[in-house]
Amino acid sequence: MSIAVGVDLGGTNIDMAAVDDDHRVVERARLPTPEGPDAVIEAIVGGVRALKSEASAVGVGAPGPVHQGILVTAPNLVGVTRPVPLAERLSEALTLPVVAENDANAGVIGEWVAGAGRDSNHLMGVWLGTGVGGGLVLEGRLFRGAFGGAGEFGHMCIRQGGALCGCGRRGCIEAYAGRASMERFVETAVASGRHTLLTELRAGKGRHRITSGIWARALEQGDELATAVLDEAVAALGAGIGAAINLLDLDHIVIGGGLAEKLGRDLVERVERATKPFVLVRGDREFVVADLGDDAGVVGAASLARATTGRGGPHPRADDGWAARLG
Ligand SMILES: [Zn+2]
C-alpha cells in the first residue's frame, strides 16, 4: 500500500491527508494558513514531513486558477499578490513529485474517483461556499482549458447587468448563489425593514455570518426572506447548469459545499427541476449530492498526484487509460 498526500490550501486552514491506493484517508492534519507565499510553502513542507505516513507524491489544491503548476492569483490568500510556482517550489523543498491544481478541480477529481461521480465521464462539480466553484471532467479527464481557467461555473453570466459579483462583474451565478452574495441580499432587506429568522438565529448563536445550519433552520420554519433568497439562488443555478449542459452535454452534476451538505437531496432536486426548462437535448442525467464532504479536495489532490506523477502505486482507473490521458 503506498501513500500520496493531498493538500487542500484554503484561506483559513491548510488541510492535509495521507491517502492510500483505495482513496482512503489514513492520516490527517490541519494547520492555520500563514501570510505570504514563503510562509505557506514552509507550512506545507513542515506539515507533509510531520505526517507519520511516508508520501511518494504530493498533490495540492489551491484557491485560484493554477496553470502548469503555478498558482496564478489567489484573492483569498493573505499576502499572495503575484503568481506562485507552487509545484516547483514544493517539489524542490520536499524532493518529491508535486502537482498543483485549482481546489475546485481537485474536489471534482475526488468525487469522480471516489465519490458521487464515480459512474460518470462527463461530470460537473458545483461547490456552494462563500463563492460558487466548479470543475469539469470531460470524456474521462479533468478539463483545464487553454489557460487553466476552465470550470469557472460561478462566473458564468446568467443575467446581463444583474447583481454585482465579488469578481467585479455583474450577473454571475455566484452573485445569486454564493453564500456571501445571499447574505448581502439579506442585509439589504433587513436594512430596509424586513424581518427574518436568519439574522435572529445568527444573533442568538453569536455568529458573524449566516451559517449553512442557520439557513437550513430558517428555511425549515418557512422564513419568507430565506425562502425568497434561496429561490433566487436555485433559479440562478438552474439557468447556469442548463447552459453548461447545452454546451457540454454532461451526464452527472455533483453539488457539494456547506449549503448542499445541510440541505442535501432536497436542494439538489430543486436545482434539477430548475435546470430542466433550459436543457435542449434530453438525457438520463444524474443530479447528486457530493459524497466526500470536506475530504473531496484532499482525496482528489492525492489522486492527481498519483496519476500525473506515476508514483504512489497503481491508480484504480489507470486501466481505462485515465492516468495516461490526464498528463
Ligand atoms: Zn463573478
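Taking amide H positions as placed 1.01 Å from N in the peptide plane, with prolines and chain starts having none, which residues 5 or more places from LEU164, or on another chain, fall under 5 Å of its amide H?
The list, which skips near neighbours in sequence, is GLY171.
Place +1 on the Cβ of every Lys and Arg and -1 on the Cβ of every Asp and Glu in the stretch 1-132, take the dipole about the Cα centre, and give the residue among GLY46, PRO34, GLY117 whose Cα lies farthest towards its positive end.
Farthest along the dipole direction, towards plus: PRO34.
Ranked by accessible surface with a 1.4 Å probe, highest first, in what order do CYS167, CYS157, CYS172 come?
The residues order as CYS157, CYS167, CYS172, largest area first.
What list of ³J(HN,Hα) couplings, whole Hz, do you get for the stretch 210-218 from phi and the Karplus terms 6.51, -1.76, 1.60, once you set θ to phi - 60° and write x for glycine and proline?
Rounded to whole hertz, the list is 7, 6, 4, x, 5, 4, 4, 5, 5.
Summing -39500 (n - 2.57) over the DSSP H runs of n ≥ 4 in the chain and dividing by its residue number, what mean residue ellipticity at 222 nm do you reach, to the nearest 500 deg cm²/dmol?
Per the formula, -12500 deg cm²/dmol.
Taking 0.36 nm per intervening residue step and subtracting the Cα-Cα distance, what contour gain separates ALA203 from THR73 on full extension?
Values: separation 130, 0.36 × 130 = 46.80 nm, distance 3.47 nm.
Residue separation times 0.36 nm, minus the Cα-Cα distance, leaves 43.3 nm.
For TRP127, TRP215, write out the residues from largest to smallest accessible area, computed with a 1.4 angstrom probe and no ligands counted.
TRP127, TRP215
Between 0 and 90 degrees, rounded to the nearest ten: what's the tilt of helix 295-309 against the longest Cα principal axis of the chain?
40 degrees
Of the candidates ARG306, ARG82, ARG28, which one comes out as most mobile in a Gaussian network treatment of the chain with C-alpha springs shorter than 10 Å?
Between ARG306, ARG82, ARG28, it is ARG82 that shows the largest mean-square fluctuation.
Using a simple charge model, +1 on the beta-carbon of Lys and Arg, -1 on the beta-carbon of Asp and Glu, nothing else, what dipole does the stretch 34-150 show about its Cα centre, in debye to the nearest 20?
80 debye
Shape call for the stretch 1-136 from the C-alpha gyration tensor, a ≥ b ≥ c root eigenvalues: rounded (a/c under 1.5), prolate (a/b greater than b/c) or oblate?
Judged from the Cα gyration tensor, the stretch 1-136 comes out oblate (a/c at least 1.5, b/c at or above a/b).
To the nearest 10 square angstrom, how much accessible area does GLU152 have with a 1.4 angstrom probe?
80 Å²
List, in order, the whole-Hz ³J(HN,Hα) value for each residue of the stretch 275-281 obtained from phi through the Karplus relation with A = 6.51, B = -1.76, C = 1.60 and θ = phi - 60°; use x for Gly and Pro.
7, 3, x, 8, 8, 7, 9
In a Gaussian network model over the chain where Cα atoms closer than 10 Å are linked, find which of ALA290, ALA243, ALA175 has the largest mean-square fluctuation.
Comparing ALA290, ALA243, ALA175 in a Gaussian network model of the chain, the most mobile one is ALA243.
Counting only the heavy atoms of the protein chains, how much of HIS67 is accessible to a 1.4 Å probe, in Å² to the nearest 10?
60 Å²
Using a Gaussian network model of the chain whose springs link C-alpha atoms within less than 10 Å, name the residue from ARG179, ARG24, ARG282 with the highest mean-square fluctuation.
The residue with the greatest mean-square fluctuation here is ARG282.
Put LEU9, LEU31, LEU247 in order of accessible area, largest first, 1.4 Å probe: what do you get? Kindly include the intermediate steps, with their values, before the conclusion.
Values: LEU9 0, LEU31 50, LEU247 140 Å².
In descending accessible area the options line up as LEU247, LEU31, LEU9.
Would you kindly state how much longer the chain becomes between VAL190 and ARG30 on full extension, computed as 0.36 nm times their sequence separation minus their alpha carbon distance, in nm to one decimal? Don't skip to the answer; put the middle values down first.
Numbers: separation 160, 0.36 × 160 = 57.60 nm, distance 3.67 nm.
Computed gain between VAL190 and ARG30 is 53.9 nm.
The values are calculated or read from the model by the stated rules, or taken from the named source; none is laboratory data. Everything numeric here is computed off the predicted structure, so don't read it as measured data. Glycine gets a Cβ as well: all are built from the backbone with ideal geometry, and neighbour counts include every protein chain shown. These area figures cover heavy atoms from the full protein model, side chains too; ligands, DNA and RNA do not enter into them. Shrake-Rupley method; radii C 1.70, N 1.55, O 1.52, S 1.80 Å.
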